[in-house]
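None of the figures in this text is laboratory data; all of them are computed from the coordinates on show. From a predicted model like this one, the values you see are computed outputs, not experimental measurements. Positions of Cβ are backbone-derived with ideal geometry, glycine not excepted, and every protein chain shown enters the neighbour counts.
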Amino acid sequence: MIYFDLFCVSIKQDYKISAMLNLILFGPPGSGKGTQAAKLVEKYGLLHISTGDLFRSEIDNQTALGMEAKSFMDKGQLVPDSVTIGMLKNKVLANPEVNGYIFDGFPRTIAQSEALDDLLEELGQPITALIALEVEEEEIVARLLERGKTSGRPDDADESVIRKRIAVYLAQTTPVYEYYQQHEKSVSIKGMGTIEDIFHALCTEIDRHL
Ligand code: B4P
């Protein structure tokens, strides 16, 4: 039995987690995954892995992987699975001494889901739950256009790219919810309202697994 406060380096809370807590934070672009993940990490001390942030870091460093990712991201398309899965695996395997993960923006395809399950099975750490944030399309567009005024993100600056990202989510990513639902691991919560209210609803759901 692994106790949370014995193994995690930067823990700020009193939670004792008697098993790995591996969460997928799910939802359309702009649903608040990144916003809520930052708060959840603070509370539960899990390792936050955002594939979007990893790609943006590669872009900032002008790596070959970053340049390839940018060509897809700027158009609102998904980065190919072969690139994304390899990057995600490297990040997980580079951080073995954690008490769990918050996967933010991953998996976004069934192939990514299968690759994640294979990896976690090898590590003996299955996904605990997938929690989806439900947000209406017009709210998403408004949020991302607002963020685009200051973020410098090309994919937030253009409404047609934002709508493309939503279409890609509906076509390629929503099946991931059903994939984990087969194992009764998927749950949805309302992602509209104040950031604090949504955080409270997320914590209520997560605490059921502690
Ligand atoms: P991501 O970086 O994952 O970005 P996102 O979906 O836009 O953001 P998120 O849902 O985290 O929203 P946030 O909290 O920031 O992906 C970007 C691109 O990277 C993808 O389009 C794709 O090309 C590529 N990519 C990433 N992962 C990939 C993968 N696995 N496979 C292939 N390609 C991949 O919130 C958005 C805004 O809303 C913020 O400004 C925030 O302040 C605001 N907000 C949050 N909560 C709010 C609330 N309750 N009320 C009002 N505003 C709120």
> Applying the Karplus parametrisation 6.51 cos²θ - 1.76 cosθ + 1.60 with θ = phi - 60° to the phi angles of segment 113-126, what ³J(HN,Hα) value in whole Hz is obtained for each residue in order, glycine and proline being reported as x?
Replying inline: 5, 5, 5, 5, 4, 4, 4, 5, 5, 4, 8, x, 9, x
> What angle, in degrees between 0 and 90 and rounded to the nearest 10, separates the Cα long axis of helix 159-168 from the longest principal axis of the Cα atoms of the chain?
Replying inline: 50 degrees
> Considering amide H positions built from the backbone, and no H for Pro or chain starts, which residues 5 or more places from Leu21, or on another chain, come under 5 Å of its amide H?
Replying inline: Gly100, Tyr101
> Taking the Cα atoms only, what angle lies between the long axis of helix 137-151 and the longest principal axis of the chain, rounded to 10 degrees?
Replying inline: 80 degrees
> What residues have an amide H closer than 5 Å to that of His48, excluding those fewer than 5 places away on the same chain, when H is modeled at 1.01 Å from N in the peptide plane?
Replying inline: Ile102
> According to a simple spin-label model (label point 7 Å from Cα along Cα-to-Cβ), what is the distance in nm between Gln182 and Asp74?
Replying inline: 3.8 nm
> Lys190: which aspartates and glutamates have alpha carbons under 16 Å from its alpha carbon, excluding same-chain residues fewer than 8 sequence positions away?
Replying inline: Glu134, Glu136, Glu137, Glu138, Glu139, Glu205
>> List the residues, sorted by chain then number, that are 5 or more residues from Gly27 or on another chain and whose placed amide H is less than 5 Å from its amide H.
In response: Leu133
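Cα gyration tensor of the chain, axes a ≥ b ≥ c as square roots of the eigenvalues: rounded (a/c below 1.5), prolate (a/b > b/c) or oblate? Show your work: numbers first, answer last.
Numbers: a/c = 1.59, a/b = 1.33, b/c = 1.20.
Because a/c hits 1.5 or more and a/b exceeds b/c, the chain counts as prolate.
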> Could you give the angle, 0 to 90 degrees to the nearest 10, between helix 51-60's Cα long axis and the longest principal axis of the Cα atoms of the chain?
Replying inline: 60 degrees
